[in-house]
Amino acid sequence: IAFNDIGVEYAISNPLLAKDYIMKSLAISQQNNNPRGIAGSYNGLGKVYLYQIEYHTALKYFEKALQVSKKSNHIWGQASALHQIAATHDYSGKYHEGITILEKSGALFLKINDSLSYAKSLQTLAVAYKRLGQLSVATKKYLASIKIYQKLNITTGITHSNYQLGEILSIKKEYRKALPYLSSSLSGFQEIGNFKFILVNHQSLGWCYKELKDYDNAIKH
């Protein structure tokens with residue numbers, strides 16, 4: 001498990017090293033006949049290829065993880081693999097396929113009372129609906145995810161969903177309604193220390209103020 005976790009950490013910065021660690025994890029899990037470890041390693045390899053935009057290979061490993069989890073009747077493993085498969089479809093622009101599979105993974109997360117994973121599933125669904133232009137559905141998914149994150153007191157989840165809701169309102173040219181969501185998410189990103197999203201959040205706020213002809217605040221952001 002440790003080798004797999006280390007490998008996933010290197011998935012973006014050093015994919016070759018990531019694969020090396022994950023393959024070690026896979027070999028140990030196969031030697032010990034550990035289905036959850038095997039499935040986890042396949043999921044890890046899938047993530048490495050997903051981050052390298054090799055979607056076909058990523059799907060191959062996520063499918064392997066799904067089959068292993070089915071054979072061992074590991075519900076969470078099945079849900080996790082399905083979620084990764086759906087996310088891969090979303091990344092490659094196959095949003096309808098992604099949505100169908102996300103509904104399945106979300107139902108499994110609910111079945112085992114994994115609220116956190118279900119909230120993440122709702123966010124991924126919202127991304128797919130947003131990219132399909134179904135903004136009202138995306139909004140409902142984000143709002144539903146926020147309710148769960150608030151119950152669990154997960155600041156990161158609330159912050160990301162608030163940002164996306166602000167973006168949706170901006171797309172709809174409802175700039176004044178977008179401001180509270182974007183201001184809230186900016187505070188959240190600053191608290192978390194996520195500088196990438198602090199940057200894009202400032203840009204989004206600047207755009208809203210520009211469209212509202214509040215040029216002083218636009219320049220500030």
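Can you work out the accessible area per residue across region 96-136, with the rest of the protein chains kept in place, probe 1.4 Å, in square angstrom?
50
Can you send over the carbon and sulfur percentage of the accessible area for the chain, probe radius 1.4 Å, protein chains only?
53
Dipole of the chain (Lys/Arg Cβ +1, Asp/Glu Cβ -1, origin at the Cα centre): which of Met23, Gly106, Gly193 lies farthest to the positive side?
Going by the charge dipole, the pick is Gly106.
In whole Å, what is the distance between the alpha-carbon centres of region 132-154 and region 1-61?
Between the Cα centres of region 132-154 and region 1-61 lies a distance of 30 Å.
Viscosity 0.890 mPa s, temperature 25 °C: give me the Stokes-Einstein translational D for region 88-178 in µm²/s, with Rh taken as the Kirkwood radius over C-alpha pairs.
For the chosen part, D equals 185 µm²/s.
Would you kindly find the accessible area of Tyr10, with a 1.4 Å probe and non-protein molecules such as ligands, DNA and RNA excluded, rounding to the nearest 10 Å²?
Approximately 80 Å² for this residue.
Among Gln134, Asn43, Gly206, whose Cα lies farthest out toward the positive end of the dipole of the chain, if unit charges sit on the beta carbon of Lys, Arg (+1) and Asp, Glu (-1)?
It is Gln134, whose Cα lies furthest towards the positive end.
Just order 148-156, 95-103 by mean Cβ neighbour count inside 10 Å, highest at the front, would you?
Result, highest mean first: 95-103, 148-156.
At a probe radius of 1.4 Å, what is the per-residue accessible area of Asp5, in Å² to the nearest 10?
Roughly 90 Å² of Asp5 is accessible to a 1.4 Å probe.
Determine the dipole magnitude for the chain: charges of +1 sit on the beta-carbon of Lys and Arg, -1 on that of Asp and Glu, nothing else is charged, the reference point is the Cα centre, and the result goes in debye to the nearest 20.
480
Kirkwood Rh over Cα pairs of the chain into Stokes-Einstein at 37 °C, 0.692 mPa s: D in µm²/s?
Diffusion coefficient, whole number: 176 µm²/s.
Taking the Cα centre of region 1-103 as origin and charging only Cβ (+1 Lys, Arg; -1 Asp, Glu), how large is the dipole, in debye to the nearest 20?
320
Using only the Cα atoms of region 1-73, what do you get for the radius of gyration and for Dmax, in Å?
11.3, 34
From largest to smallest, what semi-axes in whole angstrom does region 135-183 give when each is the square root of 5 times an eigenvalue of its alpha carbon gyration tensor?
19, 12, 6
Please give the contour-minus-distance gain from Ile1 to Gln150: 0.36 nm per residue of separation, less the Cα-Cα distance, rounded to one decimal in nm.
Stretched fully, the Ile1-Gln150 segment lengthens by 50.6 nm.
In debye, nearest 20, what is the charge dipole magnitude of region 93-142 about its Cα centre with +1 on Lys and Arg Cβ and -1 on Asp and Glu Cβ, if you could check?
With only Lys, Arg, Asp and Glu charged at Cβ, the dipole is about 120 debye.
I'd like to compare 171-177, 188-194: which one has the highest average count of other Cβ atoms within 10 Å, and what's the full order after that?
188-194, 171-177
Compare the peptides 25-34, 112-121 by average per-residue count of other Cβ atoms within 10 angstrom and give them in order, highest first.
Order by mean packing, descending: 112-121, 25-34.
So, taking all protein chains as they sit and a 1.4 Å probe, how much accessible area belongs to Ser72, in Å² rounded to tens?
Only protein atoms counted, so the area is about 50 Å².
With every protein chain kept in place and ligands, DNA and RNA left out, what is the accessible area per residue of region 153-221? Probe 1.4 Å, answer in Å².
I get 58 Å² per residue for this part.
Would you please give the FRET efficiency between Val137 and Arg36, computed as 1/(1 + (r/R0)^6) with r the Cβ-Cβ distance and R0 = 25 Å, to the nearest 0.05?
The pair Val137/Arg36 has a calculated efficiency of 0.15.
The values are calculated or read from the model by the stated rules, or taken from the named source; none is laboratory data. The structure presented is a predicted model; accordingly, all values stated were derived computationally and were not measured. With ideal geometry, Cβ positions are generated from the backbone for all residues, glycine too; neighbour counts draw on all protein chains shown. Heads up: the accessible areas ignore ligands, DNA and RNA and are worked out on the full protein's heavy atoms, side chains in. Shrake-Rupley method; radii C 1.70, N 1.55, O 1.52, S 1.80 Å.
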